[in-house]
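In what follows, a single structure is set out as structure tokens and then discussed.
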């Protein structure tokens, strides 16, 4: 893997990069890599509609999903005596 360092980013640009990364729940490094991949055609761009659907329907963070999974884990057990 190669690494690059970008010097002297304007404050508004740095602030925007951090904010967008936070919105997507990824690190600034992951976010910038994604931007570069899209701009250079290395990966297909994700659907622009995804964020709209997430806002409309809601999306859980990994922590929220883990909490939900813990809360409902008991529901996976079936009492045989209850089904007679």
Among the residues of segment 46-77, how many are surrounded by fewer than 10 Cβ atoms within 10 Å (Cβ to Cβ), at pLDDT below 80 and either part of a loop (DSSP other than H, G, I, E, B) or in contact with a strand residue (DSSP E or B) (Cβ under 8 Å, 6 or more places away or on another chain) (or both)?
5
Does residue 9 qualify as being modelled with pLDDT of 90 or more, surrounded by 10 or more Cβ atoms within 10 Å (Cβ to Cβ) and in a loop (DSSP other than H, G, I, E, B)?
yes
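Consider segment 13-45. How many of its residues are assigned to a loop (DSSP other than H, G, I, E, B), touching a helix residue (DSSP H, G or I) at 6+ places or on another chain (Cβ under 9 Å) and surrounded by fewer than 11 Cβ atoms within 10 Å (Cβ to Cβ)? Let's see the steps before the verdict.
From segment 13-45, those assigned to a loop (DSSP other than H, G, I, E, B) are 25-27, 41-45; that's our starting set.
Applying the additional criterion that residues be touching a helix residue (DSSP H, G or I) at 6+ places or on another chain (Cβ under 9 Å) yields 25-27, 42-45.
Next cut, surrounded by fewer than 11 Cβ atoms within 10 Å (Cβ to Cβ) only: 42, 44-45.
Summing the residues that are assigned to a loop (DSSP other than H, G, I, E, B), touching a helix residue (DSSP H, G or I) at 6+ places or on another chain (Cβ under 9 Å) and surrounded by fewer than 11 Cβ atoms within 10 Å (Cβ to Cβ) in segment 13-45 gives 3.
The values are calculated or read from the model by the stated rules, or taken from the named source; none is laboratory data. Note that the coordinates shown come from a computational prediction; the quantities given were computed from them, not determined experimentally. A quick note on method: Cβ atoms are made from the backbone with ideal geometry, for glycine too, and the neighbour counts reach across all protein chains shown.
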